[in-house]
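Notes to accompany the following structure.
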Amino acid sequence: MVKISVQAAHEQVNPIDLLNDVVLMDDKGIERCWTSDHYMPWWDTGASGGAAWPWLGAALAKTRNITIGTGVTAPILRYHPAIVAQVFATVGYMFPGRVFLGIGRGEALNEVTSGHSWPSNVEKFQRLKEAIHLIKRLWSEDWVNFKGKYYWVKDSKLYTKPSKPIPLYISGIGEQTARLAGQEGNGFVTNELNVEAITNKLFPAVEKGARESQRDYNSLDKILFLPASYNEDKQKALESIRFWRGSMIKAFFDVDVHDPRKIEENGQVIGDDTLEKMFLVVSSVEEAIKKLKKYTELGFTEIVLTNSSPKRNELVNLITDKISPHLN
């Protein structure tokens, strides 16, 4: 069974409109909403920049059933892991069973612009591993003393712990992070769309990590993030999803290119034909199902659609009324 979820993208939509979106998702029976956790957006023109954490609390309070978490939080520089642990412990206590945490190594556009030097890939990975270890300890133990290479806490205690275990999803586009997800996470999140890379590198790395930690690979979620735009007029769907062209340049996830204006400038080289080929840009339910099956057949258990439609409610209705019943 494949779950179709939706991402509330603060980069493109203001937080009030996103609240209305998540209420509709809840009313329509969508199970999960992932909220982006960015300081700066992937595009300058027409962008927004709401903070994920206050929005998360408001969204949980305005809905009844939907599970909401971040896709994803970077607990490496602008957020100390202890504070991440406290924030999610709190919402987990207030809304038991309705909260999850997605984490990753972050991007320069969020970390550099909020006042930090951009580390090497090796350091970012080491920071992520340490952060996971510390967050888990704070959620589960009483008094915590921890001294790692990058983070330390002394006589630290979360007095308000989550009422139920909080699922932890680890995000990445490389084998090293995929392996870590198999070792430590409840699942692996990626926006890698290359079929060969997914099947020959990423999924085997997740399985290897699970085996090393004596965990069941098949019980782990495999989650794909996919920008999506639906309109009966294909040209309108394409116009709306052009906002995400900067995120298609994979180097920007690693190197220090942090200015949305520069990212937008570089993103101009990506044409509509590439957007239509790589993203879910559709004008009919049949087209949507055909494109999604390409990924469900690879073994993904959840596909998170970043809703970039001209009328976002139309994609939500299409998911619940037509797409999900057909895929399941």
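Observations, loosely collected:
- Residue within the stretch 265-276 that is among the charged types (D, E, K, R), closer than 13 Å to Trp42 by Cα and in contact (Cβ under 8 Å) with a residue 12 or more places away in the chain present: no
- Of the residues making up the stretch 265-279, one or more are more than 30 Å from Lys201 (Cα to Cα), surrounded by fewer than 22 Cβ atoms within 10 Å (Cβ to Cβ) and out of contact with any Lys or Arg (no Cβ under 9 Å at 6 or more places or on another chain).
- Of everything in the stretch 179-209 that is among the small types (Gly, Ala, Ser) and part of a helix (DSSP H, G or I), the residue that is surrounded by the fewest Cβ atoms within 10 Å (Cβ to Cβ) is Ala197.
Residue-wise test of (1) over 26 Å from Glu31 (Cβ atoms); (2) modelled with pLDDT of 95 or more; (3) touching a Leu at 6+ places or on another chain (Cβ under 8 Å).
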| position | (1), (2), (3) |
| --- | --- |
| Ile249 | yes, no, no |
| Asp256 | yes, no, no |
| Gln268 | yes, no, no |
| Val281 | no, yes, yes |
| Ala288 | no, yes, yes |
| Lys294 | no, no, no |
| Ser309 | no, yes, yes |
| Thr320 | no, yes, no |
| Ser324 | no, no, no |
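- Qualifying residue in the stretch 210-221 (condition: more than 30 Å from Ala47 (Cβ to Cβ) and under 19 Å from the mean Cα position of the chain (by Cα)): yes
- Qualifying positions in the stretch 1-12 - surrounded by fewer than 20 Cβ atoms within 10 Å (Cβ to Cβ) and touching a strand residue (DSSP E or B) at 6+ places or on another chain (Cβ under 9 Å): Val2, Lys3
- Check on Asp256, of a type in the set (Asp, Glu) and surrounded by 15 or more Cβ atoms within 10 Å (Cβ to Cβ): no
- Candidate set: the stretch 119-176, residues that are in a loop (DSSP other than H, G, I, E, B) and hydrophobic (A, V, I, L, M, F, W, C); chosen: the one surrounded by the fewest Cβ atoms within 10 Å (Cβ to Cβ): Trp143
Per-residue answers, yes or no, for (1) touching a residue at least 60 places away in the same chain (Cβ under 8 Å); (2) under 27 Å from Leu318 (Cα atoms); (3) buried (at least 21 other Cβ atoms within 10 Å of the Cβ):
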{"position": "Asn14", "(1), (2), (3)": "no, yes, no"}
{"position": "Asn20", "(1), (2), (3)": "no, yes, no"}
{"position": "Thr35", "(1), (2), (3)": "no, yes, yes"}
{"position": "Trp42", "(1), (2), (3)": "yes, yes, yes"}
{"position": "Arg64", "(1), (2), (3)": "no, yes, no"}
{"position": "Thr70", "(1), (2), (3)": "no, yes, yes"}
{"position": "Pro75", "(1), (2), (3)": "yes, no, yes"}
{"position": "Phe88", "(1), (2), (3)": "yes, no, yes"}
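- All positions within the stretch 20-54 that are in a strand (DSSP E or B) and not hydrophobic (A, V, I, L, M, F, W, C): Arg32, Thr35
- Per-region count, the stretch 210-240, residues closer than 27 Å to Thr199 by Cα and either touching a Pro at 6+ places or on another chain (Cβ under 6 Å) or acidic (Asp, Glu) (or both): 3
- Residue match in the stretch 288-299 (condition: farther than 19 Å from Gly246 by Cβ and in contact with a Phe, Trp or Tyr (Cβ under 6 Å, 6 or more places away or on another chain)): no
- Residue match in the stretch 92-103 (condition: outside any loop (DSSP other than H, G, I, E, B), surrounded by fewer than 17 Cβ atoms within 10 Å (Cβ to Cβ) and aromatic (Phe, Trp, Tyr)): yes
- The stretch 1-11, residues that are under 15 Å from the mean Cα position of the chain (by Cα) and in a loop (DSSP other than H, G, I, E, B): Ala9, His10, Glu11
- All positions within the stretch 125-159 that are within 23 Å of Gln176 (Cα to Cα) and in contact with a strand residue (DSSP E or B) (Cβ under 6 Å, 6 or more places away or on another chain): Leu134, Arg137
The values are calculated or read from the model by the stated rules, or taken from the named source; none is laboratory data. These numbers were taken from a predicted model, which means no experiment stands behind them. Heads up, the Cβs are rebuilt from the backbone with ideal geometry, glycines too, and the neighbour counts pull from every protein chain shown.
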